[in-house]
Amino acid sequence: MTASLIDGKAFAADIRAKVAEHVVRLKEKHGIVPGLAVVLVGEDPASAVYVRNKGKQTVEVGMKSVEHMLAEDASEADLLALIETLNVDPEIHGILVQLPLPDHIDSDKVINAIDPAKDVDGFHISNVGLLGTGQKSMVPCTPLGCLMMLRDHFGDLSGLNAVVVGRSNIVGKPMAQLLLGESCTVTMTHSRTKNIQDVCCQADIIVAAVGRAEMVTADWIKPGAVVIDVGINRIAPEEGATKGRLVGDVDFKSVSEIAGAITPVPGGVGPMTIACLLANTITACARANGLSEPEGLTV
Ligand code: GUN
């Protein structure tokens, strides 16, 4: 392996420590306890694990954690009523509705019912618009984590060729906006892109968020490029194993022989997402109380 490893686990621990310091300061100086509400509809096992982890880490940094678990058949009206209650609750500074929602609920309607100032996911149409026009917004957690790691690695990203693989609202699109904001030359690619390998071969930075196990291989990589792997895919068990391994959207083994730096899976982008959610909750809490923006937790 020639690439250096970008350690998301250590980076995330550092962010959580900073968040915990801010929590102490908010409590001691202002008597404020930041609060995060997470809403889960249904029993999707992966979502339940995420929600549990979010709750645990929220409490560990000293914030108030509220979890609302709604049944799979909860109505859209029930969910909207819950959001309205959270919107007006002064002890709640951040609201996250875990996605995906069941098919009978209109996700866009639900996301856009959240008070944009409490939208710690940064998915509300107002925050999307603010980010796209370079204004202060809530920034989606996973792309925020990726950008923090890239800034830490490069310092200045200006003029670099960045290729984003994947065009989701959660990662690909906001990631491209953030990289544009850093003055990168940004190319968006996706499952229909022609000559995707040739496009990726021009990249100084690749952010892979396409949801296809090990799709990005060594022959897509310019020597020395920095590769951020957002994918989490469980592959079929190998012979003799009972459980399949977790792999990213990048073929780590081959790509790490040619890239300059790479995030592993697990232990790369994954831990950064929840850390950035906690960071966004602090940011939302500070803004709601007219306090200065916390340093090092936002872009
Ligand atoms: N489901 C998968 N990723 C996310 C995320 O970042 N936020 C929410 N709300 N749901 C998700």
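Any read-out appearing in this document is the output of simple, stated calculations on the displayed coordinates, not a laboratory observation. Bear in mind that the values here come from a model prediction, so they are computed numbers and not experimental data. Please note: Cβ atoms are built from the backbone with ideal geometry, for glycine as well, and neighbour counts cover all protein chains shown.
Sparse packing (at most 13 other Cβ atoms within 10 Å of the Cβ) combined with a DSSP loop state is found for the following GluC sites (Glu not before Pro) in the stretch 1-85: Glu43, Glu72. Rg ratio for the chain: its Cα radius of gyration over 2.2 N^0.38 Å, N being its residue count, equals 1.00. Normalised by 2.2 N^0.38 Å, where N is the number of residues, the C-alpha radius of gyration of the stretch 123-260 stands at 1.08.
Computed over the alpha carbons of the stretch 1-82, Rg followed by Dmax gives 17.0, 54 Å. Sequence-distant contacts, meaning Cα pairs under 8 Å at least 6 residues apart, place the relative contact order of the stretch 73-116 at 55 percent. Apply the Karplus parameterisation 6.51 cos²θ - 1.76 cosθ + 1.60, with θ equal to phi minus 60°, to every residue of the stretch 172-183 and state each ³J(HN,Hα) to the nearest whole Hz, in sequence, with x for glycine and proline. Couplings: x, 5, x, 4, 4, 5, 5, 5, 4, x, 8, 6 Hz. Taken one residue at a time, the phi angles of the stretch 158-168 give Karplus couplings (6.51, -1.76, 1.60, θ = phi - 60°) of 4, x, 6, 7, 10, 10, 9, 9, x, 10, 6 Hz. Gly and Pro are set to x. In this simple spin-label model, placing a label point 7 Å from the Cα along the Cα-to-Cβ direction at both Val33 and Glu67 gives a separation of 1.8 nm. The modelled label-to-label distance for the pair Arg234/Lys136, using points 7 Å beyond Cα in the direction of Cβ, is 4.2 nm. Springs join every pair of Cα atoms under 10 Å in this Gaussian network model of the chain, and among Gly240, Gly129, Gly42 the largest mean-square fluctuation is at Gly240. Taking the number of Cβ atoms within 10 Å of each Cβ as an exposure proxy, the fewest-first ranking of Arg234, Arg192, Arg167 is Arg192, Arg234, Arg167. Counting only DSSP beta bridges whose two residues both lie in the chain, roughly 5 percent are antiparallel.
Once backbone amide H atoms are built at 1.01 Å from N, Ala213 has no partners under 5 Å, excluding neighbours fewer than 5 places away on the same chain.
Phi angles across the stretch 223-240 convert, under the Karplus curve 6.51 cos²θ - 1.76 cosθ + 1.60 with θ = phi - 60°, into 3J(HN,Hα) values of x, x, 5, 9, 10, 10, 10, 8, x, 9, 10, 9, 9, 4, x, 6, 4, x Hz, Gly and Pro given as x.
Once you keep just the Cα pairs under 8 angstrom separated by 6 or more residues, what percentage relative contact order results for the chain? Once normalised by length, the contact order is 22 percent. Between Ala81, Ala37, Ala241, the GNM of the chain built on Cα springs shorter than 10 angstrom shows Ala241 fluctuating the most. When Met149, Met272 are sorted by how many other C-beta atoms sit within 10 angstrom of their C-beta, beginning with the fewest, the order is Met149, Met272. Here the Gaussian network model covers the chain, with springs between Cα atoms less than 10 Å apart; of Gly122, Gly244, Gly268, Gly244 fluctuates the most. Mean sequence separation of contacting Cα pairs (under 8 Å, at least six apart), scaled by the length of the stretch 167-299, corresponds to a relative contact order of 18 percent.
Three principal axis extents of the stretch 1-149 based on alpha-carbon atoms, in descending order, are 49, 45, 35 Å.
By the count of other C-beta atoms within 10 Å, a proxy for reagent exposure, His68, His22 are ordered fewest to most as His68, His22. Qualifying trypsin sites (Lys or Arg not before Pro) in the stretch 239-299, where qualification requires a DSSP coil assignment and no more than 11 other C-beta atoms within 10 Å, comprise Lys243.
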